[in-house]
Each structure stands twice: as structure tokens, then as C-alpha cells.
Amino acid sequence: MKTFGPFLILLTSGLIQAQDRLVFDDPTPQRYQLKARASVIDPRAKEHLEIDYVFQRKDKPADEENASVDTSVAPQGKLVIWLMGYSGGLFERVNSYGLHAIQVHYANGWFGKFGKEPPPEDSLFLGEIRLEAATGEDFSEVVSIPKPDGMMERAYQLVKWLDKENPQGKWRFFINPETQGLRWDRVIISGSSHGSTTAARFAKHQKVDRVVMFCGPRDQYETWQALPSATPSNRFFGFSHVLDGGWSGDHYCRSWELLGLGENGPIVDVDKVSPPYQNTRRLITAGDVKNDDRRAHSSVVPGSASVKTADGKLAHEAVWHYLFNQPVDLTGPATSPDVDCEKDLRAARFKKK
């Protein structure tokens with residue numbers, strides 16, 4: 001047995017290296033798009049009527065989840081989890097970068113009930129609800145979201161289903177060795193608006209490979225953005241339009257600073273600076289949206305509201321590529337706090353009369 005010791009060590013080492021590298025062997029390389037209902041994938045999933053979270057609306061499924069991967073592109077071995085309504089344009093692009101992508105349906109209906117006016121005495125109120133919705137763990141006193149209905153477990157159950165339904169995509173690469181959850185070090189958590197805020201809150205709690213925040217985060221009266229972070233600040237990337245109400249109201253600039261993004265470069269206007277945008281993490285645009293703040297809000301994600309060039313092409317292809325592919329170790333210079341950005345919006349909102 002001793003004679004074979006070195007051989008066994010080499011074999012084990014090779015196996016570990018193989019597990020850390022993802023390679024497709026699809027005989028017919030192509031882009032796969034899959035869809036399934038969360039309530040079918042996991043029978044433990046439940047509706048939560050108290051927060052208007054249901055599986056069906058107007059006789060149509062409301063709990064569909066989406067996934068896609070392109071096996072004709074060399075894989076990066078990273079999984080994008082999108083925390084908002086399905087975005088075909090975004091999924092097409094991240095797949096072209098060699099990224100897997102899923103969009104999960106989890107118990108996030110609480111925002112319509114609690115998101116408008118958080119209590120003045122609790123600066124972590126919404127953040128705790130977000131964290132419970134994301135993890136399925138008991139962080140908030142006002143909602144009760146069990147593990148099967150949280151984002152983490154929904155994502156895991158979807159990836160397990162994909163591993164069986166689409167073996168060509170090698171989805172098992174994202175399941176941890178204990179087969180009890182995902183490999184979060186291989187996950188890019190992303191979202192827009194409400195979803196980008198939850199993505200940021202989750203990444204403060206759970207270390208992930210990267211966070212990509214479109215038109216967010218907000219929770220402008222809260223301070224969870226300044227809590228100690230499991231995910232380092234150089235792994236957070238934000239992109240918003242200056243006509244978006246979240247920007248004009250100082251919601252985004254304060255969140256970016258509290259998250260520590262100022263340590264990794266200045267605010268950069270992508271319409272004036274070429275890639276790699278001074279290696280920063282804070283990107284803005286003032287592109288033409290016909291002075292429509294609602295269009296400005298959604299314009300930063302690929303879609304019909306996106307800013308276009310004079311020849312009709314989408315103007316921010318390079319930005320989207322940067323957000324998902326910029327090496328996290330390449331950062332811009334640390335900058336001083338922006339004196340024009342009001343950080344304590346809570347004091348102004350809830351000041352005593």
C-alpha cells in the first residue's frame with residue numbers, strides 16, 4: 001500500500017483540480033433556456049398570503065423560474081442569480097460571457113406591505129426582512145419566511161433540477177460538496193431596484209464572488225449598508241442613471257459610500273470615460289431617456305428602455321460586460337466622501353417637529 005501512496009496523492013490532487021474547473025462536453029453546443037415552477041420543483045414551497053406572495057395570478061402561473069446557459073461558450077464557472085423579473089436581454093449577455101444564469105421566485109412580496117414607510121426607530125428594519133427573504137432564516141419579527149421559501153433554498157432546488165434536466169450545462173458544478181446548498185463563492189448575485197437592494201444586503205451577510213447592482217441599492221433610511229461585510233467592497237459593482245429618483249434623492253450615492261465603494265475608485269460617467277472606467281465600482285450614465293425618470297430607472301438593464309446610440313444600437317454593451325467581468329482585484333484609487341451626498345437621510349425624514 002505504501003508503494004501506491006504517491007500515486008494516490010497525485011490522483012486525488014488531479015481530482016480536486018478537475019472539480020475546480022468547469023469544462024463542457026456537449027456534443028451539440030448551443031444556448032439552452034429552461035423554465036420551471038418553484039412550487040413544482042419543491043413541494044415544500046408555500047404561498048404567503050400575508051405578504052401577497054402567491055403562485056398564481058389571474059389564472060396564470062406566478063412562480064415560474066428561468067435559467068439559461070450557452071455550452072458553445074467557454075464557461076467561467078460562475079452562476080448569476082438574478083433577483084428581479086426575468087430579463088431575456090441580460091441573460092443573453094451573461095451567457096455570452098460564459099456565465100450560467102438563473103432567476104428565482106422567492107417570498108419577496110413583503111415590500112409592498114413594509115417598504116413604503118419603515119418605522120423611524122429601527123434603522124435595520126427593511127434590511128432584516130430582506131435577509132430573511134433571502135436566507136429563509138429568522139432575522140425579522142414582522143415576517144415568517146421558512147427556508148424552502150427563501151432565495152438561497154429556491155436557488156439550490158432550481159440548480160438541482162437543472163442538473164437533472166440539462167446535464168449538458170454541468171450545473172452540478174455550483175452545488176457544494178455536501179450537496180446541501182450552493183457554492184456561494186461561485187455565485188454572482190445581481191438584481192435591479194428592489195432586487196439589487198436585496199442582493200447587496202445578502203452579500204453583506206454571505207460572501208459571494210461578485211455583486212452587480214442595477215439602479216440600486218436603496219433603503220435610504222437604513223444603515224445596514226455600513227455593517228461589516230462578508231463580501232469585500234471591491235466585489236460590489238453599481239450602475240445607475242442620474243435622472244433616476246434614487247440618484248437625485250441621494251439614495252444611491254449614500255448606499256455606495258456606506259458599502260465602501262469609494263475605496264475602489266470615483267464615480268465615473270460611462271458616457272465620457274472609456275473602459276475600464278478607471279477600474280471603479282460606481283458607474284453612472286446621463287444618456288438620453290427623454291427626461292423620463294421611470295425610463296431612467298430601468299434604462300441601465302438591457303431592454304426596450306436602454307439608452308441607444310445614434311445608429312440605434314444599445315449604448316452600454318461595454319458597461320454590462322465590465323460589471324460582470326472586471327477582475328475584482330483591479331480597483332481605482334480611494335476617494336474622499338462626497339460632501340454633496342447627504343448620508344443621513346433618516347435624520348431629515350424623521351426629524352422631530
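The values are calculated or read from the model by the stated rules, or taken from the named source; none is laboratory data. Just so you know, these numbers come straight off a predicted model, no measurement behind them. Quick reminder, even Gly has a Cβ in these numbers, built from the backbone with ideal geometry, and neighbours come from all protein chains shown.
Filter the range 47-77 down to the residues that are assigned to a strand (DSSP E or B) and either exposed (fewer than 12 other Cβ atoms within 10 Å of the Cβ) or among the charged types (D, E, K, R) (or both) and list them by number. Before the answer, list the steps.
Going through the range 47-77, the residues assigned to a strand (DSSP E or B) turn out to be 48, 53, 56-57, 60-61, 64-70.
Across the range 47-77, the qualifying residues are 57, 60, 64, 65, 70.
In summary, residue 351 fulfils each of the numbered conditions (1) in a loop (DSSP other than H, G, I, E, B); (2) surrounded by 12 or more Cβ atoms within 10 Å (Cβ to Cβ) with the single exception of condition (2).
Checking each residue in the range 174-202 for being in contact (Cβ under 8 Å) with a residue 40 or more places away in the chain, assigned to a strand (DSSP E or B) and either hydrophobic (A, V, I, L, M, F, W, C) or farther than 28 Å from residue 258 by Cβ (or both) picks out 182, 187, 188, 189. Please work out if residue 134 is in contact with a strand residue (DSSP E or B) (Cβ under 6 Å, 6 or more places away or on another chain), small (Gly, Ala, Ser) and under 20 Å from residue 63 (Cβ atoms). No: the conditions fail for residue 134.
Is there a residue being of a type outside the set (A, V, I, L, M, F, W, C), under 24 Å from residue 131 (Cβ atoms) and modelled with pLDDT under 95 anywhere in the range 93-109? Yes, the range 93-109 has at least one match. The one condition from (1) exposed (fewer than 15 other Cβ atoms within 10 Å of the Cβ); (2) of a type outside the set (D, E, K, R); (3) within 15 Å of residue 196 (Cα to Cα); (4) touching a residue at least 24 places away in the same chain (Cβ under 8 Å) that residue 85 does not meet is (4).
Of the residues screened, residue 44 is not one that is touching a residue at least 12 places away in the same chain (Cβ under 8 Å), touching a Pro at 6+ places or on another chain (Cβ under 7 Å) and surrounded by 13 or more Cβ atoms within 10 Å (Cβ to Cβ).
Comparison of 117, 153, 132, 137 shows that the only residue that is among the charged types (D, E, K, R) and without any contact (Cβ under 8 Å) to a residue 12 or more places away in the chain is 117.
Taking the criterion of being closer than 24 Å to residue 279 by Cβ and either at pLDDT below 95 or in contact with a strand residue (DSSP E or B) (Cβ under 8 Å, 6 or more places away or on another chain) (or both), the residues of the range 220-245 that qualify are 231, 235, 236, 237, 238, 239, 240, 241, 242. Considering only residues in the range 220-253 that are under 16 Å from the mean Cα position of the chain (by Cα) and more than 20 Å from residue 301 (Cα to Cα), the one that is surrounded by the most Cβ atoms within 10 Å (Cβ to Cβ) turns out to be 225. Scanning the range 272-296 for residues that are farther than 19 Å from residue 237 by Cβ, surrounded by fewer than 18 Cβ atoms within 10 Å (Cβ to Cβ) and in contact with a helix residue (DSSP H, G or I) (Cβ under 6 Å, 6 or more places away or on another chain) gives a single hit, 293.
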